[in-house]
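Undergrad: Got a structure for you, written out below as structure tokens; questions coming shortly.
The values are calculated or read from the model by the stated rules, or taken from the named source; none is laboratory data. From a predicted model like this one, the values you see are computed outputs, not experimental measurements. Glycine also receives a Cβ, built like all others from the backbone with ideal geometry; neighbour counts cover every protein chain displayed.
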Amino acid sequence: MKILVFTGLLSLTSTLTTESSLNDSAIKTVSLIKTFRGISPRDYDYIPPHAIEGETKTAHIKENKSSLKKYNDSTLTEVNNTTLEYLTSSLSTKLIPTVYFSAVLLGIPSNAIILWMLLFRIRSVCTAILYTNLAVSDLLFCIMLPFKIAYHINKNNWIFGEIMCRTTTVVFYGNMYCSILLLTCISVSRYVAIVHPFTYKSLPKRTYAIAVCATVWTIVFLYMLPLCIMQQSYYVKQLGIYTCHDVQSACETVSSFQFYYYISLAIFGFLMPFAIIIFCYISIIRTLKTHEWFCCDVNQSTAFEEANTNILLRSAEAKGIYKMASMLLHDKGRT
């Protein structure tokens with residue numbers, strides 16, 4: 001912690017010294033002699049070419065520095081102690097990258113194999129369209145995880161630039177919500193197939209699957225547009241690091257928009273799909289249990305009927321044997 005703060009202070013002091021030297025070199029110009037008397041030859045001094053253009057460039061240099069200062073002020077930010085503890089904790093620098101690394105090792109080969117099987121082995125199944133899109137989403141999610149791993153291992157210091165930070169954030173969260181929505185669609189498909197089989201049989205399943213997947217990707221793309229527009233990388237002065245999506249702007253307008261934006265993501269991207277999935281599988285379990293009870297009742301009634309039939313047959317056999325015996329005895333009595 002102290003080392004990071006010390007390096008941050010050193011970098012700030014070095015930038016300040018370079019700016020002061022640039023100011024001195026930019027503002028310093030060669031002044032020409034203004035007099036009513038004649039100019040002697042010794043008054044002519046050598047003026048380098050860059051000094052002649054110095055006066056015209058001084059104003060531009062000042063304007064550029066002011067704009068750079070504004071840009072630096074927009075990326076510089078101070079965070080509270082809770083955020084500092086998270087950025088320096090072992091949770092974000094050790095545990096999270098370990099989980100991400102395990103997901104990469106398991107996710108990339110497994111999703112690649114599943115995608116190959118779906119594309120080249122079971123292409124005729126209509127539900128394979130949903131599973132193919134789910135595998136593509138998970139594969140893209142796993143491919144972007146190495147950048148997140150490098151970020152967390154590097155003490156939450158982003159070194160890949162603002163554009164790459166926005167790209168990684170959009171792909172990370174976009175594919176996460178896309179997977180959730182696709183799992184919801186798969187649950188609804190299973191619900192209709194089991195609970196309402198006749199309706200499921202009459203539906204154009206391939207057309208509906210393509211339309212549902214296109215709708216899901218469109219919704220996710222529209223929801224990720226704010227993350228593409230808003231700045232994601234901020235410089236934390238206390239630690240001397242550039243964060244990616246962990247620290248956001250404290251502007252009142254931006255903060256209010258982000259509050260409602262993330263609330264809507266939590267509701268429409270997690271809570272509603274989660275509730276739909278629970279409803280679908282509870283209905284599926286109830287339907288299957290009802291079918292099992294019906295089968296058990298049918299089996300029990302069949303067994304009861306078979307037992308009664310056996311009893312009747314045995315009683316009929318016993319009656320036949322009794323009649324045959326009585327007839328034999330009656331014949332012997334006659335003889």
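Undergrad: Within segment 125-147, which residues are more than 15 Å from Tyr100 (Cβ to Cβ) and in contact (Cβ under 8 Å) with a residue 40 or more places away in the chain?
TA: Cys126, Thr127, Ile129, Leu130, Tyr131, Asn133, Leu134, Ser137 - these are the residues of segment 125-147 that are more than 15 Å from Tyr100 (Cβ to Cβ) and in contact (Cβ under 8 Å) with a residue 40 or more places away in the chain.
Undergrad: While we're here: In segment 115-136, is there at least one residue being at pLDDT below 95, touching a helix residue (DSSP H, G or I) at 6+ places or on another chain (Cβ under 8 Å) and closer than 25 Å to Cys244 by Cα?
TA: Scanning segment 115-136 turns up at least one residue that is at pLDDT below 95, touching a helix residue (DSSP H, G or I) at 6+ places or on another chain (Cβ under 8 Å) and closer than 25 Å to Cys244 by Cα.
Undergrad: From the list Phe257, Phe198, which one is without any contact (Cβ under 8 Å) to a residue 24 or more places away in the chain, of a type in the set (A, V, I, L, M, F, W, C) and part of a helix (DSSP H, G or I)?
TA: Phe198
Undergrad: Being within 27 Å of Lys289 (Cα to Cα) and in a helix (DSSP H, G or I), is that true of even one residue in segment 207-226?
TA: No: zero hits.
Undergrad: Tell me whether segment 208-219 contains one or more residues that are touching a residue at least 24 places away in the same chain (Cβ under 8 Å) and on the phi > 0 side of the Ramachandran plot.
TA: Within segment 208-219, none of the residues are touching a residue at least 24 places away in the same chain (Cβ under 8 Å) and on the phi > 0 side of the Ramachandran plot.
Undergrad: Kindly provide the set of residues from segment 168-217 that are buried (at least 20 other Cβ atoms within 10 Å of the Cβ), over 19 Å from the mean Cα position of the chain (by Cα) and among the aromatic types (Phe, Trp, Tyr), ordered by number.
TA: The one that is buried (at least 20 other Cβ atoms within 10 Å of the Cβ), over 19 Å from the mean Cα position of the chain (by Cα) and among the aromatic types (Phe, Trp, Tyr): Tyr191.
Undergrad: For residues in segment 218-238 being buried (at least 16 other Cβ atoms within 10 Å of the Cβ) and of a type in the set (A, V, I, L, M, F, W, C), which is farthest from the chain's Cα centre (by Cα)?
TA: Looking at residues that are buried (at least 16 other Cβ atoms within 10 Å of the Cβ) and of a type in the set (A, V, I, L, M, F, W, C), I get Val236.
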